[in-house]
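The values are calculated or read from the model by the stated rules, or taken from the named source; none is laboratory data. These figures come from a predicted structure and were not determined experimentally. Counting neighbours? That spans all protein chains shown, and the Cβs are built from the backbone with ideal geometry, glycine included. Side chains included, ligands, DNA and RNA excluded: accessible areas come from the protein's heavy atoms. Shrake-Rupley method; radii C 1.70, N 1.55, O 1.52, S 1.80 Å.
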Amino acid sequence: MKKRESGLRRSGKTKLPRWRAALSIFGGLAMAFLTYFFFLNWSVVKNFDATSALLKGDILALQLANPNLDSLKASQAQVLSQLYQEQETSALQFPSSKKAIAKAIEIANQVNQEIDLRYKSPSSSSQSPSSSSQSARQMTQERQQEAQSQQKLNSLLSSNTLNPSSSSADSSAAVPQNQKVTKPW
């Protein structure tokens, strides 16, 4: 018996038992899946950082006295497109990544609504009303809406109290405390 085993070893033709071969194949597939899973999540986090930086820049630009609404609208379309693209692989994402992306989409939609309100504001004042009292009332309402939207944006930006020393831009800087977007890692 010893001669037979040593003969097999010397020739290099040892056979693995079937269970070991099956275990090796299963282990290899599991390692490949885990590698893909972690690479996918790493990629989503990197893309989310870049997208949230764009979103934060749009919010800051919206606070300017006369923002370029056309460029903000185009930028927001890009932000939403990237966020929806990141959301496509949500089945393989960490739960915190899913939540952060969903919250960022919600914030981006709020910014879009604010941009749409500002688009409507100048066009409605360009129409000539029939009386001066209507015109004054309309201007007062527009100023109130603008002041309210400015307050919302200020509160969104000032609520970044969790990690003020962070060098990485994220969308949590633009979210009220009760709607904080957590980073997905």
Could you figure out which of (1) outside any helix (DSSP H, G or I); (2) modelled with pLDDT of 90 or more; (3) not β-branched (V, I, T) isn't true of K15? (2)
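Considering every residue within the range 105-120, establish whether at least one is within 20 Å of L40 (Cβ to Cβ) and at pLDDT 65 or above.
Yes, because at least one residue in the range 105-120 is within 20 Å of L40 (Cβ to Cβ) and at pLDDT 65 or above.
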Select from the range 55-91 the residues that are among the aliphatic types (A, V, I, L, M), open to solvent by 40 Å² or more (accessible area, probe 1.4 Å) and farther than 30 Å from L40 by Cβ and list them in ascending order. L60, L64, A65
